[in-house]
Structures are given as structure tokens and as C-alpha cells.
1. At a 1.4 Å probe, which residues in the range A:249-268 are at least 30 Å² less accessible with all protein chains present than in their chain isolated?
2. Tell me, in nm to one decimal, what length is gained between B:Val146 and B:Ser83 on full extension, where the rule is 0.36 nm per residue of separation less the Cα-Cα distance?
3. Under a crude label model (7 Å from the Cα following the beta-carbon direction), how far is A:Thr127 from A:His315 in nanometres?
4. Distance between Cα centroids, the range A:201-251 to the range B:173-209: provide it in whole Å.
5. Would you mind giving the three semi-axes, in whole Å and largest first, of the ellipsoid equivalent to the range B:253-344 according to its Cα gyration tensor?
6. Rounded to the nearest Å, what's the spacing between the alpha carbon centres of the range B:99-144 and the range B:266-332? Just the number, please.
7. For the range B:62-182, what is Rg from Cα atoms divided by 2.2 N^0.38 Å, rounded to two decimals?
8. Taking only protein heavy atoms into account and a 1.4 Å probe, give the accessible area per residue of chain A in Å².
Amino acid sequence: MMTNDTQNPLLAVRDLRTYFHTFSGTVKAVNGVSFEIGEGEVMGLVGESGGGKSVVGFSVLGLIDEPGKIEGGEILLDGQDLVTAGEDRLREVRGREISMVFQDPMTSLNPLHTVGRQMDEVLRLHTKLDADARHQACVEMLESVGISQAAERLKAFPHQFSGGMRQRVVIAIALLARPRLIIADEPTTALDVTIQSQILKLMRQQIADKGASMILITHDLAVVSEMADHITVLYCGNVVERGKTRDLIETPSHPYTRGLIDSIPDTAHRHDRLMQIPGSVPDIRNLPKGCNFRDRCPRAQALCAQQEPVLTKQHATLWAACHYPLKPGETA
Amino acid sequence: MNTSNTPMLEVRDLKMHFPIGGGFFNRLKLGGKGVRLENPVVQAVNGVSFKIGRGEIMALVGESGCGKSTVAKTIARIHKPTSGEVRIEGEDIAGYGFAEMLPVRAKMQMIFQDPYASLNPRQRVRDIVAEPLLEQTKTAQGRKDVPARIEALLAKVGLNSEHAGRYPHQFSGGQRQRIGIARALSVTPGLIVADEPVSALDVSIQAQILNLMKDLRDEFGLAYLFISHDLSVVHHIADRVGVMYLGSMVENAPRDVLFAKPRHPYTRALLSAAPSIKEKRDKEEIVLSGEVPSALNLPSGCCFRTRCPFAWDRCARERPALQDVGDDQTVACHLIDEPERDTA
């Protein structure tokens, strides 16, 4: 079933607009993004730097600071809007219902507190457990993310852990209060490939065990294709394509998605040259009229300069915002 | 000396150890036989040997801390090696001083990982690209030709003359990496040491830079030492691949041989851990437990044995040497002698 048809999605984001008002102009980092996630689903949010994918994640948690502002749209958690909710409600949501795993395990833990104290904080704020029960829960959680001698390690400080171990701690903290949604922003980008595969395996298993949903934000299509049920591709703050993972990877209909996939060097088939998307991402303060991607698009025509394309149904489970989408098997 | 069978670069038993002394009192240790002054060293590179022919692209892969960047920097003589030989066209530069290195730098240039940090923010692009060239050109006549050459170089890497007067902050990451490449090319070197040249770039820009590097190789017959942690990038660009782990080369083979039949357990684990957009088929899955040990305190024998699923007592006693297994492939693993222990 396509996500759009999900009856009661856990999270529904509708027409989200997050702008940053800077001296040199308004940056429309997220400009009308909509998606839905059902219970137990993993959604990949993909795009290049500047696509707005991290800002979507921060917006959902209400973590947008000045000069940024959510200018419009709805973020519905169980049908309840988080955009209009007060800070008290957001505090309840953060860590309890939605938790976040950040990219850099070196900076997302407090270096001055022991790991145990940072884990305990989550439970202290969000549960009514007593100290012994909290300690027990922390030990169990740390063991379940693959850290041995957990009771001892709780007394250690973050610098006493390696990068992979620290990311395990961050994941343990994110899972502690049994949230229903985890937003993972480039969780393995800072890690080595053998450690990355350990962490991805761990996240997959933990999410399945606890029945949580996940938004996986990454620039790495290979990681997303191994983890996600469906994928949303962002470009310059807009959704350009979304659909089920295999459909989107194998027969993308938006030329940008096609270009992204073709620029990944493929170890199975070696071509002499990689397909490349010409040019670079336009200045987001000063986007061209019509389709944002048209300057880099091999299929662009006059219409693309006049009219902004909207998401429309394509083949299989795909939805794409393109005037001249690709048919299955067609190359850009 | 430019005979065609002298390799462009030959590295023999290269070692690079960094003392991390700290102050006198930090190193002072009591116990055992009274007072000792310890001299801890990080053994970043521990006896690495390889060759790169003219026009060949050799990639070094491995995880963080395996010493691949240190190898690159030692060859580029940013570090002075602890021991071993670094021969550029047969000439050993390992012991050279600053002045002796100057003519060598016309043969070897470097491209760095971070295009934001490797360009001087206060220099214009034209001056950045001209700097190595001016360093090598001392005659007035030669210097007169520099501006025209800069323009040609910028065109070659896909920038135009209008860009020459700008400063680095006015460019995107991909364009900055192009400037770095133009700077390296300015002295027409035979060898370019590229340390993770595309790791900081988005995938669509990464493809542009990889294509450019390949075109330049074909046009100028450049040899690259290409450092990367990304196996798919390495597979795309390299002719030969060396796999490093904890300061040692564990496997060295032509690209197609290495990807088709990796022999070292670490190479196999690395290949199976790499995520892919293709649907999983019957991929051999060696999942490594644990993490890379500290280079301060290397394990005895084989450096990989603490994470190797096949390790046995011999691995703790004896350090395996690189041995030829045919197909121009060399592997440092005791499993080659005792294949019956390979149970995967």
C-alpha cells in the first residue's frame, strides 16, 4: 500500500514551509514538503547538501531557532498539530514520542557527564520509574545495543568510547523512552564502513523489536536502499519524487533521482565514465522560476521555465514533480 | 633516467612512527626496575611497500586510522619517514630536505580532501594556481608565460577566465576541488597524490570530479595515488588497489582481481559491509565484531587477528608477510598456507 493511502499515519507532514530570514534574503530551506509515515515504517529522506532534509527533521521536533521559522504547514503526530503546539507539549514529545539520532557522535553527547547520567536523564524526564528501575533499564538498553559490561560502562565518559561505541550510546538514548518515531540524521556518515554495517544492523533490529517508525535522513542512497520501506527525494526544499524503495531505485521517474542513482559508481557494472548531473545546486535564496532542477536537467523544455511542476502519480508506486517524467527503462 | 620501466613511484618498507611524548612528567613511569622514561609512539605506518607505474591509478583503501593518509603525506614528504624508501622515478627522496624537495615537487603534487581548507582564503584563484608554477619557474621569460598557462589550466578543469579573479569563498565545493586540481596540474607532474579528493562532495559533484580526474589521466598520462575509504569510488577509478589495516598492507591486487576474489578476511569483510543500491543477492557476509585496536599498542603477530573470525594461535605468534598468490595478487594472511581453516 502506498503511504499516501495510509488511513491513520503516525506522522503526517503537510505542506511544511521552514524559512530562514537572513540579511542576504529569505532562504526557503523547506518549501512545501508533504509526506506520511505509518506505524513501523522506515522512510528515507534523501538529497544532496542544501536539499533541506535536515531542516525537515529539526522542524518535526520543533528545533528551529532564529532566524529560522516554520512559516506554514502542519506536522500532525496522531492527528495533533506540533507546529501550533506550545513548548511544554514539544518537551513531552521530544525524547518520549519522537527521538533523534544525530550525525556526529563526537558532539551529540555531553562531554562533562557520564554516559549513565545522560541516559538516566531521559527516563527521569519521561517516566515515573524510581532510581533502581531506571538504572536497570539503562543497563539493559546498553546491553541490547551491543555494549558489554554495561553496568561498568555507564560510569564512563563519552571520550572513553570510540566513534562506533558512542553512536551505539546515542542510539540507546534515543530508544530508551520507547519512542514511536526516531529521526536519524545521517546516523552512520561519520563512521567507517564495517562499523556502519554494524550500526545499521542494530538500528534495523531495534526498530523491528520495538515496533517504532523511523525517518532516515541521509545523502547515501545505498544506505537508504538497504534500510527504508519508502523514499522521499528532496531537491532545493521540495519533494521531487517519492515511492517504494525498489520502485524508486530501479525505475525512477524524476530525472534528478535518475541522475543521483547513475552518479553512484557501481561495482557490478563498470562504465568508463560516470553519469554526471551537470552544474551544481542553485542559490536557494534566488531560485529560478518554474522547476528548480531545470538548469541541470537534460529533459528540460520551455514549459519547465514557466510552470512549477507538482507531485503527480507516475508508474508503480511513484509520485514525481516533473513535467516530463521518465518511463520505466528510459534513461535521462 | 626516464626509462619506461622505472616505476613512477616505488615505496619500500615505509615506516612512519609518531612519538607522542608529551612532557617529561607525563612520560615518567614508576615500577618494575625503578624509574623509567617512556617513549610511546603511534605506529601509523608499519612497513608498507608498493609500486605505481606511469599512468597507473593505485588506490589505497581502509578504515580511519589504518594509515592510508599517513602514507600519502609521507610520500608527498609532508612527513619525514621514520625509515624506508620513497623513490620517485627511481630517486629516493625519503631523506631529502626542503631545498632538495623543490625539483621533486615538479614531478609530484597533491590534492587534498577538504576543498574548504586547502585553498588560501586571501588569495585569488589565479594566484593559488600560479603559486607552484612560479616556485618552479625562475626565469623572467618563463614567468611571462604563466598567466596564459593559468588560463589554459582553468579551462582544462572546467572553469573560465572570469573565475581567475575571484576568491575561494565565491565557489562551491566541487568548483574548489577543481581549483585544487588545476593547482596540482600547473607544474605538469607525473604523479598526483590525492587524499580523499571526493569524500567531502555530494554524489552528483563527486561524479564530475572523478570523470575529470580520469580525463586528465588519459590526456597527460598522470599516475595517481588515490586514497579513499569508499570502495565504489575506488572500483570506479583505480587500476590497482591496496588494502590497508592498522598501518600494514594486507592485500594488493589489480582491481578486477581484488573485487572478484578478495583473499584476505579483512578485504572480504570490507567488501561485504559496503552498502549497495542493488538488491542483496547471495552476498558473502563477514561481519566484523569490535573495532580497530590502538596503533599505540599493536597486537602481536597479525594486526587483524583481534577482529578476524578465522584467527588461531599462529596468528598471534607470527606476523604474516605479503605473499604472491598468482594473478599479480599479494596477500598477507596465514590462511593462504592453511586454506582448510577458511570456513566461510
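The values are calculated or read from the model by the stated rules, or taken from the named source; none is laboratory data. Worth saying up front: this structure is predicted, and the values here are computed from it rather than measured. Glycine also receives a Cβ, built like all others from the backbone with ideal geometry; neighbour counts cover every protein chain displayed. The protein model used for the area step is the full one, side chains on, heavy atoms only, and it has no ligands, DNA or RNA in it. Shrake-Rupley method; radii C 1.70, N 1.55, O 1.52, S 1.80 Å.
1. Listed in order, they are A:Ser263, A:Ile264, A:Pro265, A:Asp266, A:Thr267.
2. Working: separation 63, 0.36 × 63 = 22.68 nm, distance 3.80 nm.
Residue separation times 0.36 nm, minus the Cα-Cα distance, leaves 18.9 nm.
3. Modelled inter-label distance: 5.0 nm.
4. Value for the Cα centre distance between the two parts: 30 Å.
5. Working: eigenvalues 102, 61, 32 Å².
So the three semi-axes of the range B:253-344 are 23, 17, 13 Å.
6. After rounding, the separation between the Cα centres reads 40 Å.
7. Working: Rg = 16.3 Å, N = 121, 2.2 N^0.38 = 13.6 Å.
After normalising by residue count via 2.2 N^0.38 Å, the value is 1.20.
8. Numbers: 14450 Å² over 332 residues.
Dividing the accessible area of chain A by its residue count gives 44 Å².
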